[in-house]
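Scroll down for the structure; my scribbles are underneath it.
The values are calculated or read from the model by the stated rules, or taken from the named source; none is laboratory data. This structure is a prediction, so every number in the text was calculated from the model and none was measured. Here the Cβ positions follow ideal geometry from the backbone for every residue, glycine too, while neighbour counts run over all protein chains shown. The accessibility values were calculated without ligands, DNA or RNA, using every heavy atom of the protein model including side chains. Shrake-Rupley method; radii C 1.70, N 1.55, O 1.52, S 1.80 Å.
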Amino acid sequence: MKATPYAYLIIRHFEGLRLSAYRCPSGIWTIGYGHTSGVKPDDTITQAQANELLEKDVETVEAYLNRAQLNINQNQFDALTSFVFNIGQTAFTASTMLKLIRKNPNNPAIAAQFSRWIHSNGKVLPGLQRRREEEAKLYFLKP
């Protein structure tokens with residue numbers, strides 16, 4: 001599967017665009033639309049470079065989700081693309097959410113799993129709350 005434009009819309013909206021490197025709330029150097037790999041404090045990029053980084057980062061998440069062989073629909077794939085993009089593959093691999101999805105991707109208990117991922121450095125972030133609500137809504141939206 002591939003992420004649809006809606007997955008990109010969610011990511012762009014909640015990540016925001018920054019053309020100069022900054023530390024995210026977790027203290028990680030970030031640039032563009034939430035890109036973290038190899039970012040240094042003085043880095044700057046263009047809008048075009050930010051778009052390219054986003055596409056490559058989403059392709060990495062798509063490949064990961066496809067390798068996981070989850071029996072999910074397009075809306076679920078898009079929601080998980082945004083979610084995994086944000087929390088990372090390592091965290092998702094160890095998550096209760098993934099275990100529940102593997103057993104039954106339509107289990108209503110999965111909705112509560114989204115809301116467990118709203119903290120950074122022990123603090124609830126309102127932006128993460130809104131993002132998780134949007135991802136959970138999309139995950140359970142019937143295609």
## Note on the structure
When every residue in the range 93-143 that is charged (D, E, K, R) and part of a loop (DSSP other than H, G, I, E, B) is compared, the one modelled with the lowest pLDDT is Lys142
### Query
Looking at Asn75, Asn51, which one is among the polar types (S, T, N, Q), in contact (Cβ under 8 Å) with a residue 40 or more places away in the chain and open to solvent by 20 Å² or more (accessible area, probe 1.4 Å)?
Asn75
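Just a yes or no: is a residue in the range 61-68 surrounded by 12 or more Cβ atoms within 10 Å (Cβ to Cβ), of a type in the set (D, E, K, R) and closer than 24 Å to Arg18 by Cβ? Reasoning before the result, please.
If we filter the range 61-68 for residues that are surrounded by 12 or more Cβ atoms within 10 Å (Cβ to Cβ), which is where we start, we get 61-62, 64-66, 68.
Still in the list and also of a type in the set (D, E, K, R): 62.
The next check asks that each one be closer than 24 Å to Arg18 by Cβ; those that pass are 62.
Looking for residues that are surrounded by 12 or more Cβ atoms within 10 Å (Cβ to Cβ), of a type in the set (D, E, K, R) and closer than 24 Å to Arg18 by Cβ, one finds at least one in the range 61-68, hence yes.
Just name the residue that is nearest to the chain's Cα centre (by Cα) out of those in the range 92-112 that are open to solvent by less than 30 Å² (accessible area, probe 1.4 Å) and of a type outside the set (Ser, Thr, Tyr). Show your work before the answer.
Going through the range 92-112, the residues open to solvent by less than 30 Å² (accessible area, probe 1.4 Å) turn out to be 92, 95, 97-98, 101, 105, 110.
Subsequent filtering for residues that are of a type outside the set (Ser, Thr, Tyr) retains 92, 97-98, 101, 105, 110.
Numbers: Phe92: 10, Met97: 14, Leu98: 14, Ile101: 16, Pro105: 18, Ile110: 16 Å.
Looking at residues that are open to solvent by less than 30 Å² (accessible area, probe 1.4 Å) and of a type outside the set (Ser, Thr, Tyr), I get Phe92.
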### Query
Restricting attention to the range 26-42, does a residue exist that is open to solvent by 30 Å² or more (accessible area, probe 1.4 Å), part of a helix (DSSP H, G or I) and not hydrophobic (A, V, I, L, M, F, W, C)?
no
### Val124, sole failed condition from (1) touching a helix residue (DSSP H, G or I) at 6+ places or on another chain (Cβ under 7 Å); (2) within 27 Å of Gly27 (Cβ to Cβ); (3) of a type in the set (A, V, I, L, M, F, W, C); (4) open to solvent by 50 Å² or more (accessible area, probe 1.4 Å)
(1)
